[in-house]
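> Just passing along the structure, written as structure tokens.
The values are calculated or read from the model by the stated rules, or taken from the named source; none is laboratory data. Everything numeric in this text was worked out from a predicted model, so none of it was measured. Cβ: placed from backbone, ideal geometry, glycine included. Neighbour counts: every protein chain shown. Quick note on the areas: whole protein, heavy atoms, side chains included, nothing else; ligands and nucleic acids left out. Shrake-Rupley method; radii C 1.70, N 1.55, O 1.52, S 1.80 Å.
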Amino acid sequence: MSAVEFSRPFRIDTLGDGDRAVEIAAEPAERAALVERFGLVSLDALSATATLRREGERVFAEGRIRAVVTQACVATGEPVPSTVDEAFTLRFVPEGEGGEEEIELDAEDCDVVDYAGGSIDLGEAVAETMMLSLDPFPRSEGADAVLREAGVLSEDEVVSGPFAALKALKDKLG
């Protein structure tokens, strides 16, 4: 495993009882490394405020991520700026305790992050959470026109496949 670009470790034995408020922010070199790792055009800001709470060997982190990001349009490659301003809730558990089985989560459930040793890495968790909150298929304003010129049909124009068959059936019935 390579080094983490945005590491902000917190030793569990220093958290004690009660809540601990923390603020973290990525430095320019860390943001540049995250741009490389995540395939972004730029990452002008990445920060988080959080409250850490220890319950035995588990640590809960609740807070807010803020980021200024530019991604490449999936159709044109043009820059697509976006911002992240999102609440998060994370539960850090000792490695292996999270289990491998899939479970259904409600919106109120938090993401589970494994940790090894005696510390959690809030920076890495924030970087991954930021990336997951971005549009996986960003499109610039001209994307639809470029796709149309390339012969890519929109969902409404598709004439074959299961959804086209359902549309045809719907048109016949109604």
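> Tell me, which strands (runs of 3 or more DSSP E) lie completely within the range 1-99 with 2 or more residues that are open to solvent by less than 80 Å² (accessible area, probe 1.4 Å) and under 30 Å from residue 148 (Cβ atoms)?
Once the strands (runs of 3 or more DSSP E) in the range 1-99 are filtered for at least 2 residues that are open to solvent by less than 80 Å² (accessible area, probe 1.4 Å) and under 30 Å from residue 148 (Cβ atoms), what remains is 58-72, 79-94.
> Okay, moving on. Does the range 44-56 contain any residue that is at pLDDT below 95 and either farther than 24 Å from residue 13 by Cα or not charged (D, E, K, R) (or both)?
Yes; the residues of the range 44-56 include at least one that is at pLDDT below 95 and either farther than 24 Å from residue 13 by Cα or not charged (D, E, K, R) (or both).
> I've got another one for you. Among the residues of the range 115-148, count how many are in a helix (DSSP H, G or I) and closer than 18 Å to residue 27 by Cα.
Summing the residues that are in a helix (DSSP H, G or I) and closer than 18 Å to residue 27 by Cα in the range 115-148 gives 10.
> May I ask you to list the residues in the range 138-151 that are more than 30 Å from residue 23 (Cα to Cα) and either open to solvent by 80 Å² or more (accessible area, probe 1.4 Å) or not polar (S, T, N, Q) (or both)?
Correct list: 139, 141, 142, 143, 144, 145, 146, 147, 148, 149, 150, 151.
> Tell me, which residue of the range 1-43 that is under 22 Å from residue 112 (Cα atoms) and among the hydroxyl-bearing types (Ser, Thr, Tyr) is modelled with the lowest pLDDT?
Restricting to residues being under 22 Å from residue 112 (Cα atoms) and among the hydroxyl-bearing types (Ser, Thr, Tyr), the top hit is 2.
> Just checking, which of 45, 29, 50 is over 26 Å from residue 93 (Cβ atoms), aliphatic (A, V, I, L, M) and more than 16 Å from the chain's Cα centre (by Cα)?
Checking each option against the conditions leaves just 29.
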